[in-house]
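Visitor: Following this message is one structure expressed as structure tokens.
The values are calculated or read from the model by the stated rules, or taken from the named source; none is laboratory data. No experiment lies behind these values; they were computed from the predicted model shown. In this analysis, Cβ positions are derived from the backbone assuming ideal geometry, glycine residues included, and neighbour counts consider all displayed protein chains. Just so you know, the surface numbers come from the protein's heavy atoms only, side chains and all, with ligands and any DNA or RNA stripped out. Shrake-Rupley method; radii C 1.70, N 1.55, O 1.52, S 1.80 Å.
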Amino acid sequence: MRHLKLIPDDTNFQFVKWRYIAVGLSLLVMVVSSALLITRGLNFGIDFEGGIVIEISTDGPADISQLRADIGGLDLGEVQIQEFGQADDVLIRVQSPRDGGEEASQEVVNKIRGQLGDTVEYRRVEVVGPQVSGELVQDGILAVVISIALMLVYIWFRFEWQFSLGSVIALVHDVMATLGLFCILQLEFNLTSIAAILTIVGYSMNDTVIVFDRVRENLRKYKKMDLGALIDLSINQTLSRTVMTSGTTLLALLALFIFGGEVLRDFTFAMIFGIFIGTYSSIFIAAPVLLTVGVTRDASTGGLGRAAKDKAPEKA
């Protein structure tokens, strides 16, 4: 029985040759993402901004215009009404009352219930106060920072500091690129988005570790091979596994994006983007950093030692 191979075993792509273009493109992405975060900002959901979310189901296709007219006359401040999944599912978002407090929020919910009456089915009612939302923002940022810091320590102990530096630069790149995507498309940024970012960090790190493992093996095997050629060799040797892993993950995410409903759509879209950006950073960012900072080889320890400066490749 023949095995499915999307990538031949004997590929010889010269990834290192394109590192300057890749780094330039990545720096541009990070600068643009930073500028968008400052100027445009994220479209925070109720989780982070505070407010009221009411999910209702109408009898037949929802009349969004009529609902906006009915609820808009209640003078509740900023109100967002949109279809949610099926034609009879509606999501109502209301900003937190200026005077704050649970009683004020509950009064807003009661006004909406009184206006809509029993003509709709109330599936979900959530109230998030400003204080709680502020804590969620801090906790979300802390979760991402701690995860990247722990990844740095893990790679440092498993490999060497050069590998740790490359992996962390790739992870920061992935996070910034994903945040830039949220800013450009104004996707709702909530706790689910934090989960997506953490998942992207984990996926990207897994991809990077696979490449680094092969680089370390080849450092021990080829004592005199040029470091650039060795990195290209390592990436090519792991390319088939990378493509297969990314491809199967994308198939699952595409199914979730198409059939998962509106609730998971932004999360799934961010994950799909993250698969591409994580694979890209593992190949074009993390590995070439080793060439920039330099790694060393030591035959006596089987690990790292003298700088690899010999340009003549050694035959296997």
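Visitor: Given the criteria polar (S, T, N, Q) and surrounded by 18 or more Cβ atoms within 10 Å (Cβ to Cβ), does residue 236 qualify?
Guide: yes
Visitor: Related question: Looking at segment 123-132, is at least one residue at pLDDT 80 or above and assigned to a helix (DSSP H, G or I)?
Guide: So far as segment 123-132 goes, no, none of its residues is at pLDDT 80 or above and assigned to a helix (DSSP H, G or I).
Visitor: Residue pairs, Cβ under 9 Å, 6 or more apart or interchain, first in segment 11-23 and farther than 13 Å from residue 233 by Cα and β-branched (Val, Ile, Thr), second open to solvent by 100 Å² or more (accessible area, probe 1.4 Å) and in a helix (DSSP H, G or I). List them.
Guide: 23/292
Visitor: Quick check on my filter: what residues within segment 153-187 are modelled with pLDDT under 80 and not aromatic (Phe, Trp, Tyr)?
Guide: Passing the criteria: 155, 158, 160, 162.
Visitor: Within segment 153-168, track down each residue that is part of a helix (DSSP H, G or I) and crowded, with 17+ Cβ neighbours inside 10 Å.
Guide: Of everything in segment 153-168, those that are part of a helix (DSSP H, G or I) and crowded, with 17+ Cβ neighbours inside 10 Å turn out to be 155, 162, 163, 164, 165, 166, 167, 168.
Visitor: Where in segment 1-106 are there strands (runs of 3 or more DSSP E), lying fully within it, with 3 or more residues that are buried (at least 18 other Cβ atoms within 10 Å of the Cβ) and either modelled with pLDDT of 75 or more or of a type in the set (Asp, Glu) (or both)?
Guide: Hits in segment 1-106: 51-58, 86-95.
Visitor: Within segment 184-194, can one find any residue that is farther than 30 Å from residue 41 by Cα and without any contact (Cβ under 8 Å) to a residue 60 or more places away in the chain?
Guide: no
Visitor: Right, next: When you scan segment 280-298, how many residues do you find that are surrounded by fewer than 21 Cβ atoms within 10 Å (Cβ to Cβ) and either within 16 Å of the chain's Cα centre (by Cα) or modelled with pLDDT of 85 or more (or both)?
Guide: The total comes to 1.
Visitor: Please pick out the residue among 199, 248, 242, 192 that is open to solvent by less than 50 Å² (accessible area, probe 1.4 Å) and either outside the structural domain of residue 82 (by the TED database) or in a loop (DSSP other than H, G, I, E, B) (or both).
Guide: Going through 199, 248, 242, 192 in turn, just one is open to solvent by less than 50 Å² (accessible area, probe 1.4 Å) and either outside the structural domain of residue 82 (by the TED database) or in a loop (DSSP other than H, G, I, E, B) (or both): 242.
Visitor: Spot the failing condition for residue 217; the list is (1) more than 27 Å from the chain's Cα centre (by Cα); (2) in a helix (DSSP H, G or I); (3) surrounded by 22 or more Cβ atoms within 10 Å (Cβ to Cβ), and only one is missed.
Guide: (3)
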